[in-house]
Ligand code: ADP
């Protein structure tokens, strides 16, 4: 199922003008009332409240009711798309467990699948999957996709609902062994009023709006939706949602607090601070991660107090994931602009902290991205109750970025191997090795070392740039030295080889 249609970046416009949208909304409302009366009358007739009916009349009434329901569904969908497209459409975010959200409709769909003699199975992670979404709207997306899977799969078929936790997002998949979609039709299915399955025997025809609504809703959440399908084999509909980084650490109490904040009509801000390349960072920085986290918390608290001084008792919740180098800050009130300013202050403060701690060659605040991306999305997000900002703090690709690298190193004097040592780290400009001998600063030495991945040896001249005596212990009383060697005569060919090798270690 290699054929795919993927979302184009930048959001989608349905091509309705504001006037069209308003017209559609008014028109649909006008249709709803007579339709409700019609349905009521059909029920009165069917129930024989208005007098006895014979079997043939009853049959006709069942059909009438069924068709009234269909018209109502069409109108509801039209109204819904008009509502979603209208300026000021709001997503009501809450912190929900996505597993639970999917399970909420499991019984309903299992029953529907049973009726059509097909199976439906759910494959969900064991742990809670906490995510910020408008639960009702995401349920609508899921229901539409699962409903379609049931509608376009024949009896004996199988449907699979799955949830995968990816690095920075969650992916929901609805996979069916149904009719499938022709390749030429794939790019069209998410368009409005498009139906590509031309089968007269389908019990319930739709209006071709479900997928258009689903796409719009997923994109408003900052996710993507796509389909992979093959005619006669089946379809796989997928959608993603951004992951809430520190969600794994939430206690029930914290979740309750967050949802209380979100339930108030006021805007809540979520700032995610992410240390990218955290693993490398942890290895290179001598301070304990807990210590850094404590310091970060102090910085954030101080920035918060400084920025919102006089703003009353603004509650904020700080959640940290020291294992992964991820932090979240959640609070209420303030405008988007103020938050931009606050984020700028925060990243400035964090940057100064790392500079002061002399971890400048590892750390630099890369800046702020606002989420969801794009102008249209930003406009929309401004009417949601949750605004998300992310600050990435990451390793800048330094010219001489060092990586941990353990390989054998020979020190060559007068063409003979004088000493066998081991390297500790390596960069384009030099390396660090451990030796039993102390070397004088600026001594010129020749070294040969083995590249682990490229499986080649490099021989070069170098200058001893620094020497640090390592602490000896009772178990290991022999003193050792860490020696920083700067390459001075690395041939071009070897430099290129070294660069290629290092690239394999950069993430
Ligand atoms: P509707 O279901 O109201 O027709 P949708 O927007 O939900 O509208 O779907 C649009 C079209 O995409 C459907 O009419 C059908 O042709 C196709 N489609 C959607 N889901 C599936 C599926 N699981 N298998 C095959 N075709 C599908």
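The values are calculated or read from the model by the stated rules, or taken from the named source; none is laboratory data. Everything quoted here is computed from the prediction, not taken from an experiment. Cβ coordinates were reconstructed from backbone atoms using ideal geometry, including for glycine residues, and neighbour counts include every protein chain displayed.
Taking the options 114, 80, 104, name whichever one is surrounded by fewer than 16 Cβ atoms within 10 Å (Cβ to Cβ) and under 30 Å from residue 264 (Cβ atoms).
Details: 114 fails: under 30 Å from residue 264 (Cβ atoms); 80 fails: surrounded by fewer than 16 Cβ atoms within 10 Å (Cβ to Cβ).
Selected residue: 104, the only one of 114, 80, 104 that is surrounded by fewer than 16 Cβ atoms within 10 Å (Cβ to Cβ) and under 30 Å from residue 264 (Cβ atoms).
The set of residues from the stretch 401-426 being over 16 Å from residue 445 (Cβ atoms) and not in a strand (DSSP E or B) comprises 401, 402, 405, 406, 407.
Of everything listed in (1) surrounded by 21 or more Cβ atoms within 10 Å (Cβ to Cβ); (2) within 13 Å of the ligand (Cβ to nearest atom); (3) under 19 Å from the mean Cα position of the chain (by Cα), the single unmet condition for residue 133 is (2).
Go over the candidates 145, 166, 170 one by one and state the one that is at pLDDT 95 or above and within 29 Å of residue 90 (Cβ to Cβ).
Numbers: 166 fails: at pLDDT 95 or above; 170 fails: at pLDDT 95 or above.
The match here is 145.
One line per residue, one yes/no per condition, for (1) closer than 16 Å to residue 301 by Cα; (2) touching a strand residue (DSSP E or B) at 6+ places or on another chain (Cβ under 8 Å); (3) at pLDDT 75 or above:
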{"position": "318", "(1), (2), (3)": "yes, yes, yes"}
{"position": "329", "(1), (2), (3)": "yes, yes, yes"}
{"position": "365", "(1), (2), (3)": "no, yes, no"}
{"position": "392", "(1), (2), (3)": "no, yes, no"}
{"position": "402", "(1), (2), (3)": "no, yes, no"}
{"position": "406", "(1), (2), (3)": "no, yes, yes"}
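If the condition is being buried (at least 20 other Cβ atoms within 10 Å of the Cβ) and under 13 Å from residue 132 (Cα atoms), then the stretch 223-242 contributes 223, 240, 241. Across the stretch 442-461, the qualifying residues are those that are over 49 Å from the mean Cα position of the chain (by Cα) and in a loop (DSSP other than H, G, I, E, B), and the one among them that is modelled with the lowest pLDDT is 442. Taken residue by residue, the stretch 133-141 has no member that is at pLDDT below 95 and under 13 Å from residue 235 (Cα atoms).
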